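No lab work stands behind these numbers, since they all come straight from the coordinates. Please read all numbers here as calculations on a predicted model, not as lab measurements.
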Amino acid sequence: MKKDTHTISGLNDLIDEKLAILQNGETVKEKREARKQIIMLEKLIKDVNYKIQNGKHYPEHEVPPKTTKEELLKLIDSVEVTNEPFKNDASIMEIAYNMGVDLSGVSVGKNRFEFVELG
């Protein structure tokens, strides 16, 4: 099998070759293999057509600005690190309640889940 899969016309030529084998093949195994390859090539043409119609968009990678080691160390030192837990105006319980999550009976902060029956 030729490997000319760069154009749709090349794919169509490959399909035509496989159709000739499918019609004039001598063994059943040869015909089955040709049928499988035709189906595979038709899927490839469908994918190529989809990419042509809808475009192929890849995210562009941003190149970070060049910095010196001293500038990088200054940037690292300028970041304030605290050992305090997550701070927010709303507590985790309030957020869960607003989302409709029932946290009754859940013990937070232990290694094992512990169900506590209320009232």
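Observations
- Residue tally, condition on the phi > 0 side of the Ramachandran plot and aliphatic (A, V, I, L, M), over the range 16-72: 0
- Of all residues making up the range 39-55, the number that are of a type in the set (D, E, K, R) and over 18 Å from Asp16 (Cα atoms): 2
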